[in-house]
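Read the figures in this text as sums done on the coordinates, not as results from a lab. Note that the structure is predicted; figures quoted are calculated from it, not measured. Don't worry about glycine lacking a Cβ; one is built from the backbone with ideal geometry, like all the others, and counts go over all protein chains shown.
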Amino acid sequence: MAAFKCPHCHEETLSLKDKYRLGWWATINCQQCDGRVTAFPWTLMVISMLYLWNLMWWVGLVHFKHSYHYLGYLLVCWILLDLLNIYFMPLCRLKKKIPG
Ligand SMILES: [Zn+2]
């Protein structure tokens, strides 16, 4: 189930799982052209900060208000961030590793 375009060969070779992993600082090699792919670093940094902020905000609320229904907010925000991560994260090309 490939759904996302590789920035090297422009074929839809990246699966949903690959795309999600790219949003968590992974690098992937395209199955077709073997090009290394990563998420755009500035967007990746912003998304990571939002994940962290979401987590800190939740920890803070539970700590100060002692109410676990904020866990629901955490989950909703987390899912929204995941969707943002998967569908709006731009990808970029990495150069091939130089042997040796
Ligand atoms: Zn490719």
Being touching a residue at least 40 places away in the same chain (Cβ under 8 Å) and touching a strand residue (DSSP E or B) at 6+ places or on another chain (Cβ under 8 Å) is the filter here; which residues of the stretch 15-40 pass it? Leu16, Lys19, Leu22, Gly23, Thr27, Gly35, Arg36, Val37, Thr38, Ala39, Phe40
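Please pick out the residue among Leu83, Leu14 that is within 19 Å of the chain's Cα centre (by Cα), of a type outside the set (Asp, Glu) and part of a helix (DSSP H, G or I). Lay out the reasoning, then the answer.
Values: Leu14 fails: part of a helix (DSSP H, G or I).
Of the residues listed, the single one that is within 19 Å of the chain's Cα centre (by Cα), of a type outside the set (Asp, Glu) and part of a helix (DSSP H, G or I) is Leu83.
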In the stretch 6-36, anything in contact with a helix residue (DSSP H, G or I) (Cβ under 7 Å, 6 or more places away or on another chain) and either within 16 Å of the ligand (Cβ to nearest atom) or closer than 14 Å to Leu81 by Cα (or both) is listed as Lys19, Tyr20, Gly23, Ile28
Boolean, Ala3 is within 18 Å of Lys96 (Cβ to Cβ) and more than 13 Å from the ligand (Cβ to nearest atom): no
The one condition in (1) crowded, with 16+ Cβ neighbours inside 10 Å; (2) of a type outside the set (A, V, I, L, M, F, W, C); (3) touching a strand residue (DSSP E or B) at 6+ places or on another chain (Cβ under 9 Å) that Asn54 fails to fulfil: (3)
